[in-house]
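**Q** Right, I'll just put the structure down here and ask away after.
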Amino acid sequence: MSMLSKLNKYEEVGIDSSVHSADAHKLVLLLYQGALLSIAAARNHLMNNEVGAKGKSISQAISIIEEGLMASLNLSVGGELVQNLSALYAYMSARLLEANLRNEVAMLDEVSRLLIELRGGWEAIRPGETETAPHPSAAVREKVVTLNARGNEGVSAGVRQALNAYQQI
């Protein structure tokens, strides 16, 4: 087993442990982190002319954004903020798709910066230790159930784990 595959295996175990012990707030942070890691991997693959691996990493990032982050939004409760966040997620997905088609590092970097900014904002609103963790709304649970019903079709293992853990909250 190569050193890279050993590191990947170690990372998978760490992610599994984090997902299984995470509250709803932490799961969103894990989704941000997963999207950022996928974009970083895509950037690396792009720089090394690894077209297939680049496409797979970008697809994984899009999947995390659309099926993880977007799916967790409650559009009926969040008002303008949630509408804007949904539009931003859609924009990021479109930019990633365009980056894949045009082999544009700048577009990958743009989406990474946006995700880092959003992750920082999410970290800043971390519930206090004495507060109860937020629970997903009925709409979020419905979307998670719908995604889980699809099986593994077009959903990466990381998103699948996050969805499974999210459903248990």
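**Q** Starting from the Cα-Cα distance between residue 81 and residue 126, subtract it from 0.36 nm times their residue separation and give me the gain in nm to one decimal.
**A** Stretched out fully, the residue 81 to residue 126 stretch lengthens by 14.4 nm.
**Q** Roughly how many nanometres apart are two label points built 7 Å out from the Cα toward the Cβ at residue 44 and residue 91?
**A** Roughly 2.9 nm, to one decimal.
The numbers here are math on the coordinates, done by the rules we state, and not lab data. Please read these numbers as outputs of a predicted model, since none were measured by experiment. Positions of Cβ are generated from backbone atoms using ideal geometry, with glycine treated the same way; all protein chains shown enter the neighbour counts.
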